[in-house]
Amino acid sequence: MRNSAKLKILVGILTIFTGLLYVLGIFGPTESIVDTWGLLAIILGGMVVYFGINKNKVSANVEMVLVFLLMLIQVPAIILWFTFNGSGISDGTPPSNFVAHWMFASPHLVIALIGILVIASLIKRNTI
């Protein structure tokens, strides 16, 4: 159970940092939806960290839903980083020389994998 809480906190913190990359515009000028995605990631990550620290504040089912949503919002980012590998991601307004690379999908893949571990541990905890 302690490992589950540590994993929840880890995936939440990683999601917050990943969301900040998009909100702060580290990848150059992007569409406004990318900023919205980053803000959503920060909020969900913060909720997961909060519930990871305060263990008895919410049911395991709600925690599973939150972690599942964290995993779900990673899917478009993973697909898009692989799709635009080697090409620019700016639509030209304003122009940017930033070139996408599949390695930028790494934090999203790690979040998804840790999310699977968290959900599996929550299921195991509820069925035993």
| request: Within segment 13-45, track down each residue that is over 9 Å from the mean Cα position of the chain (by Cα) and aromatic (Phe, Trp, Tyr). | output: TYR22, PHE27, TRP37
| note | Scanning segment 1-30 for residues that are within 27 Å of THR127 (Cβ to Cβ), surrounded by 14 or more Cβ atoms within 10 Å (Cβ to Cβ) and out of contact with any Ser or Thr (no Cβ under 8 Å at 6 or more places or on another chain) gives ALA5, LYS8, ILE9, LEU10, VAL11, GLY12, LEU14, THR15
| request: Please tell me if PHE68 is modelled with pLDDT of 90 or more, under 23 Å from ILE123 (Cα atoms) and outside any loop (DSSP other than H, G, I, E, B). | output: yes
| query | When you go through ILE33, ILE111 one by one, which is the residue that is more than 24 Å from SER121 (Cβ to Cβ) and either surrounded by 15 or more Cβ atoms within 10 Å (Cβ to Cβ) or out of contact with any Leu (no Cβ under 7 Å at 6 or more places or on another chain) (or both)? | reply | ILE33
| Within the set of pairs 6+ apart or on separate chains, which have a first residue in segment 28-50 that is closer than 16 Å to GLU63 by Cα, a second that is in a helix (DSSP H, G or I) and among the aromatic types (Phe, Trp, Tyr), and C-beta atoms under 8 Å apart? | ALA41/TYR22
| task | For ALA41, indicate whether it is farther than 18 Å from VAL110 by Cβ and either at pLDDT 90 or above or touching a helix residue (DSSP H, G or I) at 6+ places or on another chain (Cβ under 9 Å) (or both). | result | no
| Matching residues, segment 103-128, being out of contact with any Phe, Trp or Tyr (no Cβ under 7 Å at 6 or more places or on another chain), more than 15 Å from THR18 (Cα to Cα), of a type outside the set (Gly, Ala, Ser) and in contact (Cβ under 8 Å) with a residue 12 or more places away in the chain | ILE116, LEU117, VAL118, LEU122, ILE123, ARG125, ASN126
| query | Taking ILE79, is it out of contact with any Pro (no Cβ under 6 Å at 6 or more places or on another chain), within 29 Å of ASN3 (Cβ to Cβ) and modelled with pLDDT of 80 or more? | reply | no
| task | Assess whether PHE82 counts as being part of a helix (DSSP H, G or I), surrounded by fewer than 18 Cβ atoms within 10 Å (Cβ to Cβ) and touching a helix residue (DSSP H, G or I) at 6+ places or on another chain (Cβ under 7 Å). | result | yes
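The values are calculated or read from the model by the stated rules, or taken from the named source; none is laboratory data. Not measured: the values here are computed from a predicted model. Glycine gets a Cβ as well: all are built from the backbone with ideal geometry, and neighbour counts include every protein chain shown.
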